[in-house]
1. Being under 13 Å from the mean Cα position of the chain (by Cα), open to solvent by less than 60 Å² (accessible area, probe 1.4 Å) and at pLDDT 85 or above narrows it down to one residue among 107, 122; which is it?
2. List pairs: first residue in region 52-78 and farther than 27 Å from residue 120 by Cβ, second residue outside any helix (DSSP H, G or I) and of a type outside the set (Val, Ile, Thr) anywhere in the structure, Cβ distance under 7 angstrom, at least six positions apart or on different chains.
3. Checking the conditions here, which among 123, 145 is of a type in the set (D, E, K, R) and out of contact with any Pro (no Cβ under 8 Å at 6 or more places or on another chain)?
4. Can you name the condition, by its number, that residue 91 falls short on among (1) touching a Gly at 6+ places or on another chain (Cβ under 7 Å); (2) over 27 Å from residue 123 (Cβ atoms)?
5. Can you spot a residue in region 142-149 that is of a type outside the set (S, T, N, Q), part of a loop (DSSP other than H, G, I, E, B) and free of Cβ contacts under 8 Å to residues at least 40 places away in the same chain?
6. Please identify the pairs in which a residue from region 109-126 that is of a type in the set (D, E, K, R) has its Cβ atom under 7 Å from the Cβ atom of a residue that is open to solvent by 70 Å² or more (accessible area, probe 1.4 Å) and not in a helix (DSSP H, G or I), counting only partners at least 6 apart or on another chain.
7. Restricting the search to region 1-54, which residues are under 27 Å from residue 104 (Cβ atoms) and either touching a Pro at 6+ places or on another chain (Cβ under 7 Å) or among the polar types (S, T, N, Q) (or both)?
8. Confirm whether residue 33 is out of contact with any helix residue (DSSP H, G or I) (no Cβ under 9 Å at 6 or more places or on another chain) and open to solvent by 70 Å² or more (accessible area, probe 1.4 Å).
Amino acid sequence: MNVIFTAIFITSALILCVADPNAFIPALLDGARDAATTCLTLFCIYAVWTGLSRVADDAGINGAIAKKMYPFCRKFFKTNSAEGGRYAAMNLTCNVLGLGGAATPFGIKAMKTFDGEGNTFGRNLLFILNAASVQIIPSTIIALRASYGSASPADVFAPAILTTMICTGTAVGLNFLYDKLCRSLSRRYS
């Protein structure tokens, strides 16, 4: 990917230098300024949500929700490991609350646990759910839209939730179908 992006940048820079040499440096500086502003905005968003996640974790909210989700997660991810179910529950809880950065360590631990027990179904399913990032509130997108001066940054709320639900449902359904097909084929040829 680095090679592709470098080639795109060099090609674009050469075209701009030929077409309008006086606009090259200002365009480069404007792009750098916009990138720095976006990074600072994202840093602030993540700082707020990570802080809220820490408060929720210290207050026991994340643990209480994960405890309620634990029996569901053991069955849903088809895991025999109490540890794997607990990590998956914490990962999903953080993701649903919009705390993707806080969810990552739990997801990695759950994946390692699933790999250790040979649970490719659970690993694939957790990957799908993390890629879809199902959230109650798409806070990062709303905050970015607000930082860019959107008149109504929360307008993406309903479309984002609807799209995420449809995509996630389709992906989860396909994972269940794939698992069923693999089990059927392994029984037939073993």
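The values are calculated or read from the model by the stated rules, or taken from the named source; none is laboratory data. Keep in mind that what you see is a predicted model, and the values were worked out from it rather than measured. When we count neighbours, we look across all protein chains shown, and the Cβ atoms used for this are built from the backbone with ideal geometry, even at glycine. Keep in mind that these areas ignore ligands, DNA and RNA; they rest on the heavy atoms of the full protein, side chains included. Shrake-Rupley method; radii C 1.70, N 1.55, O 1.52, S 1.80 Å.
1. Details: 122 fails: under 13 Å from the mean Cα position of the chain (by Cα).
The conditions single out 107.
2. Qualifying pairs under 7 Å: 53/99.
3. Working: 145 fails: out of contact with any Pro (no Cβ under 8 Å at 6 or more places or on another chain).
Sole residue among the options that is of a type in the set (D, E, K, R) and out of contact with any Pro (no Cβ under 8 Å at 6 or more places or on another chain): 123.
4. For residue 91, the exception is condition (2).
5. Taking region 142-149 as the starting set, the residues that turn out to be of a type outside the set (S, T, N, Q) are 142-146, 148-149.
Within this subset, residues satisfying the condition of being part of a loop (DSSP other than H, G, I, E, B) are 148-149.
Subset that is free of Cβ contacts under 8 Å to residues at least 40 places away in the same chain: 148-149.
So far as region 142-149 goes, yes, one or more of its residues are of a type outside the set (S, T, N, Q), part of a loop (DSSP other than H, G, I, E, B) and free of Cβ contacts under 8 Å to residues at least 40 places away in the same chain.
6. The qualifying pairs are 117/80.
7. Within region 1-54, 2, 37, 38, 41, 50, 53 meet the criteria.
8. Working: out of contact with any helix residue (DSSP H, G or I) (no Cβ under 9 Å at 6 or more places or on another chain): yes; open to solvent by 70 Å² or more (accessible area, probe 1.4 Å): yes.
Considered against the rule, which asks whether it is out of contact with any helix residue (DSSP H, G or I) (no Cβ under 9 Å at 6 or more places or on another chain) and open to solvent by 70 Å² or more (accessible area, probe 1.4 Å), residue 33 comes out as yes.
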